[in-house]
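K.L.:
This structure is in structure tokens; I'll ask about it shortly.
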Amino acid sequence: NAKEQRGSLRFFSDDLTAAVHHRLQLEQRLRRALEQDEFCLYYQPQWSIDGSRMTGVEALIRWQDPEQGLVSPAEFIPVAEQSALISQIGSWVLRNACEQIAAWQARGIRVPRVAVNVSPQQLYLHHLPQEVANNLQQTRITPALLELELTEGALMSPGLEAVDMLNALRALGVSLAIDDFGTGYSSLAYLKRFPLNLLKIDKSFTDDLLASDEALAIVETIIMLGHKLGLSVLAEGVEVEAQRMELERLGCHQFQGYLKSKPLPAAELEALLLGDQC
Ligand code: C2E
Ligand code: CA
Ligand code: CA
Ligand code: CA
């Protein structure tokens, strides 16, 4: 009846108000976090499929909020992506990753390739190739040590001249990866046109690899596609040895996951690099 309907409408709008309020509050805290330098980068090692060699690391942002402690990027990146904040956070991540590489190089530490996550908005709000070029110039790092992780959805954005942008990035000498591969708009045609280096198989497929024939078929197909197109293939979220073994059997080149290492603060990664582990 009408009275009930009004009631549920009111609850609905209360929920909405609360959600909007939460988002605005988080945005405000994020803005302050940028000003007060509360972010840092952790680095998760990536390994050759047999686990013998560190092939790279992925830079993952962390927020040490003075009030709430460590906040997961899974919570704040989606909020940042709905506002202009993501381009500022993205710029911060890119600059800090390059500065970290430069610091390691200056100290003679053998630096692995460092992968940085790029949000869809960074691709078309910004002139990404120019920003990457500026960072390379200012830090004087070896461009091949920087890898950018893009998602399929971002590359499929209408109006984005993705091929031109990717060619410009590759011309700078940086490496390009497709993140969460297989979960986005799967238009395989673009793989042929885009100058990519690496396909990252999404964790959801790794999770189901041993239990589901469908996941196995998808992983097998992605690896075969990588082989045929001359791209390296990395599986994300490898947690148990049986997954790693299956991926090795299927011809996957690299993996990343808790099986061998969690994301580490820079100092802990350094210890690992200096400990002759790579
Ligand atoms: P992603 O890019 O898919 O990153 C992989 C996530 O899986 C990371 O979560 C990592 O800690 C986690 N992970 C790695 N190995 C394992 C494993 O074996 N088991 C499990 N259960 N998890 C594993 P994290 O660091 O919480 O990041 C979550 C997401 O937030 C990232 O997913 C990425 O989409 C986003 N993100 C993180 N840092 C940045 C950044 O600097 N910029 C942007 N735009 N997004 C970021
Ligand atoms: Ca990623
Ligand atoms: Ca991923
Ligand atoms: Ca993911």
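K.L.:
When only residues in segment 140-162 that are at pLDDT 95 or above and in a helix (DSSP H, G or I) count, which is surrounded by the most Cβ atoms within 10 Å (Cβ to Cβ)?
P.N.:
145
K.L.:
Ok, one more. How many of the residues making up segment 165-205 are under 19 Å from the mean Cα position of the chain (by Cα), modelled with pLDDT under 90 and among the hydroxyl-bearing types (Ser, Thr, Tyr)?
P.N.:
Final tally of qualifying residues: 3.
K.L.:
For segment 236-270, how many residues meet the condition of being under 22 Å from residue 41 (Cα atoms), assigned to a helix (DSSP H, G or I) and of a type outside the set (A, V, I, L, M)?
P.N.:
2
K.L.:
Also: Between a first residue in segment 210-227 that is within 20 Å of residue 178 (Cα to Cα) and a second residue that is crowded, with 16+ Cβ neighbours inside 10 Å and hydroxyl-bearing (Ser, Thr, Tyr), which pairs have beta carbons less than 8 Å apart while being 6 or more apart in sequence or on different chains?
P.N.:
The qualifying pairs are 219/206; 226/232.
K.L.:
Now for a separate question. Looking at (1) charged (D, E, K, R); (2) over 29 Å from residue 273 (Cα atoms); (3) in contact with a helix residue (DSSP H, G or I) (Cβ under 7 Å, 6 or more places away or on another chain), find the lone condition where residue 161 falls short.
P.N.:
Evaluating residue 161 over (1) charged (D, E, K, R); (2) over 29 Å from residue 273 (Cα atoms); (3) in contact with a helix residue (DSSP H, G or I) (Cβ under 7 Å, 6 or more places away or on another chain) leaves (3) as the failure.
K.L.:
I'm checking my understanding of the structure. Among residues of segment 192-210 that are among the hydrophobic types (A, V, I, L, M, F, W, C) and closer than 18 Å to residue 235 by Cα, which one is farthest from ligand 2 (Cβ to nearest atom)?
P.N.:
Residue satisfying both the conditions and the ranking: 210.
K.L.:
Please state which one of 177, 115, 162, 97 is touching a Lys or Arg at 6+ places or on another chain (Cβ under 7 Å) and among the small types (Gly, Ala, Ser).
P.N.:
Exactly one of 177, 115, 162, 97 is touching a Lys or Arg at 6+ places or on another chain (Cβ under 7 Å) and among the small types (Gly, Ala, Ser), namely 177.
K.L.:
On to the next question. Check off (1) acidic (Asp, Glu); (2) more than 14 Å from ligand 1 (Cβ to nearest atom); (3) buried (at least 20 other Cβ atoms within 10 Å of the Cβ) for residue 58 and give me the number that stays unchecked.
P.N.:
The single condition residue 58 does not satisfy is (2).
K.L.:
Still on this model: Which one of these does residue 152 not meet: (1) more than 14 Å from residue 202 (Cβ to Cβ); (2) touching a residue at least 12 places away in the same chain (Cβ under 8 Å)?
P.N.:
Of (1) more than 14 Å from residue 202 (Cβ to Cβ); (2) touching a residue at least 12 places away in the same chain (Cβ under 8 Å), only one is false for residue 152: (1).
K.L.:
May I ask you to list the residues in segment 243-278 that are hydrophobic (A, V, I, L, M, F, W, C) and closer than 13 Å to residue 51 by Cα?
P.N.:
Of everything in segment 243-278, those that are hydrophobic (A, V, I, L, M, F, W, C) and closer than 13 Å to residue 51 by Cα turn out to be 245, 247, 252, 255, 259, 278.
K.L.:
State all residues of segment 169-217 that are in contact with an Asp or Glu (Cβ under 9 Å, 6 or more places away or on another chain), away from ligand 3 (no atom under 16 Å from the Cβ) and within 16 Å of residue 123 (Cα to Cα); if no residue qualifies, say none.
P.N.:
174
K.L.:
Residue by residue through segment 174-231, note down the ones that are part of a helix (DSSP H, G or I), more than 30 Å from residue 141 (Cβ to Cβ) and within 16 Å of ligand 1 (Cβ to nearest atom).
P.N.:
Within segment 174-231, 204, 205, 206, 207, 208, 215, 219, 222 meet the criteria.
K.L.:
Filter segment 121-134 for residues that are assigned to a loop (DSSP other than H, G, I, E, B) and under 24 Å from residue 60 (Cβ atoms) and give the result.
P.N.:
Residue satisfying the conditions is 126 alone.
K.L.:
Only one of 64, 88, 137 is touching a residue at least 12 places away in the same chain (Cβ under 8 Å) and assigned to a helix (DSSP H, G or I); which?
P.N.:
88
K.L.:
I'm checking my understanding of the structure. Among residues of segment 67-77 that are at pLDDT 90 or above and of a type outside the set (A, V, I, L, M), which one is farthest from ligand 4 (Cβ to nearest atom)?
P.N.:
In this case the residue turns out to be 69.
The values are calculated or read from the model by the stated rules, or taken from the named source; none is laboratory data. This is a predicted model, so every value here is computed, not measured. When we count neighbours, we look across all protein chains shown, and the Cβ atoms used for this are built from the backbone with ideal geometry, even at glycine.
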